[in-house]
Amino acid sequence: MTAHGHTRVIGIIGPPCSGKSTVAQFLQSFGGVWLNADTIAKEQLLEPEVIDQLVAEFGDQILNSGGTLSRERIADLVFGESEASQTRLKKLESVVHPRTREVIREALAKAVADQAAYVILDVPLLLESGWQDECDEVWCLHVSPDRHQRLLDARGWDLAELKRREKRQLSWDEKQRRSDWVIENDGSVEDLRSKVRDRLER
Ligand SMILES: CC(C)(COP(=O)(O)OP(=O)(O)OC[C@H]1O[C@@H](n2cnc3c(N)ncnc32)[C@H](O)[C@@H]1O)[C@@H](O)C(=O)NCCC(=O)NCCS
Ligand SMILES: Nc1ncnc2c1ncn2[C@@H]1O[C@H](COP(=O)(O)OP(=O)(O)OP(=O)(O)O)[C@@H](O)[C@H]1O
């Protein structure tokens with residue numbers, strides 16, 4: 001039994017493009033419920049009251065021609081070096097995080113009530129936003145730099161964009177130090193699946 005009855009709540013962190021979703025899909029196939037904070041946070045940006053709050057704060061420069069929010073323009077405003085960028089990021093988070101937290105809390109409670117085998121808390125800012133306390137364990141993906149570059153290239157992400165965002169996060173050394181298990185993801189997808197399977201059977 002865990003702190004959540006029969007449900008094992010597993011926090012998953014790791015750089016973008018490091019294999020988190022792949023691990024989450026494995027756990028789903030083993031009976032897990034996958035909660036993806038990035039997806040939930042993006043959904044909040046579609047809510048009219050969020051759009052109104054952010055336009056009031058940042059101006060209508062953040063709107064696409066169709067009246068939806070441009071995540072790219074918001075990213076340019078919040079992931080910069082300046083003090084002003086940091087202030088804007090805090091404002092964005094103050095609007096988005098409480099709503100994201102509420103959605104995750106409700107979904108977590110439902111999964112526990114339904115006695116799901118696992119809940120995967122796929123939250124890039126898991127440590128920064130205090131979700132670690134909800135987890136029975138935290139897994140952190142690690143890939144070698146050249147492997148990571150190849151995975152990023154395949155997705156069309158440049159390293160500069162990644163670094164721009166990671167400046168606002170704990171370092172990956174710190175994240176690995178605070179995790180219960182660091183998953184080396186330098187083999188095949190099958191190797192990754194076997195590692196996860198072995199861990200669950202421990
Ligand atoms: C700034 C936004 C609009 C950019 O959207 P975009 O589609 O370009 O990126 P996406 O949301 O897919 O995020 C990609 C990665 O950026 C990093 N990132 C996102 N938000 C943040 C943040 N507030 N602080 C640090 N890193 C972040 C994460 O590693 C995330 O996995 C979006 O990231 C956002 O709304 N962020 C604030 C909400 C948040 O903190 N989300 C993270 C939930 S853990
Ligand atoms: N061991 C592996 N071998 C080959 N491809 C892999 C491996 N692990 C992950 N991938 C591939 O790399 C890409 C990124 O993986 P994934 O989407 O799981 O990363 P992620 O950390 O969830 O990314 P993001 O946080 O940006 O969503 C995917 O196309 C996935 O299929």
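The values are calculated or read from the model by the stated rules, or taken from the named source; none is laboratory data. Since the model is a prediction, treat every value here as computed from it, not as a measurement. Positions of Cβ are backbone-derived with ideal geometry, glycine not excepted, and every protein chain shown enters the neighbour counts. The accessibility values were calculated without ligands, DNA or RNA, using every heavy atom of the protein model including side chains. Shrake-Rupley method; radii C 1.70, N 1.55, O 1.52, S 1.80 Å.
Annotations for the structure displayed:
- Along the chain, the exposed loop sites are GluC sites (Glu not before Pro) outside DSSP states H, G, I, E and B with at most 12 other Cβ atoms within 10 Å, and the longest stretch free of them is 82-200.
- Cα long-axis angle, helix 145-155 against the chain (0 to 90 degrees, to the nearest 10): 60 degrees
- Stokes-Einstein diffusion for the chain at 10 °C, viscosity 1.306 mPa s, with a Kirkwood radius from C-alpha pairs, works out to 87 µm²/s.
- Carbon and sulfur %, accessible surface of region 5-115 computed with the full protein complex present, 1.4 Å: 49 percent
- Ratio Rg/Rh, restricted to region 42-114 and using Cα atoms, in which Rh is the Kirkwood radius: 1.07
- Proximal charge balance of Leu77 [Cβ under 14 Å; K/R count +1, D/E count -1]: +1
- Axis angle, to the nearest 10 degrees, between helix 20-29 and the longest C-alpha principal axis of the chain: 50 degrees.
- Listed values for region 41-57 are Karplus-derived 3J(HN,Hα) couplings in whole Hz (6.51 cos²θ - 1.76 cosθ + 1.60, θ = phi - 60°), namely 5, 5, 4, 4, 6, 8, 6, x, 6, 5, 4, 4, 4, 6, 5, 4, 7, and x replaces Gly and Pro.
- Taking each residue as 0.36 nm, the span from Asn64 to Gln28 lengthens on full extension beyond its C-alpha to C-alpha distance by 9.5 nm.
- Given charges at beta-carbon only (K, R positive; D, E negative), |dipole| of the chain in Debye: 220 debye
- Backbone phi angles across region 175-191, fed through the Karplus curve with coefficients 6.51, -1.76 and 1.60 (θ = phi - 60°), yield HN-Hα couplings of 5, 5, 4, 8, 9, 7, 8, 9, 9, 6, 10, 10, x, 7, 4, 5, 4 Hz in residue order; Gly and Pro are listed as x.
- Cβ charges +1 (Lys, Arg) and -1 (Asp, Glu), total dipole of region 42-114, debye: 180 debye
- In the chain, helical runs assigned H by DSSP with n ≥ 4 each contribute -39500 (n - 2.57); averaged across all residues and rounded to the nearest 500, the mean residue ellipticity at 222 nm is -16000 deg cm²/dmol.
- Computed over the alpha-carbon atoms, region 117-202 gives an Rg to Rh ratio of 0.97, Rh here being the Kirkwood radius from the mean inverse distance.
- Annotation: per residue accessible area for the chain equals 53 Å², rounded to a whole number [probe 1.4 Å, protein chains only].
- Anchor Lys90: lysines whose Cα lies under 19 Å away (excluding residues fewer than 8 positions away in-chain): Lys42, Lys163, Lys167
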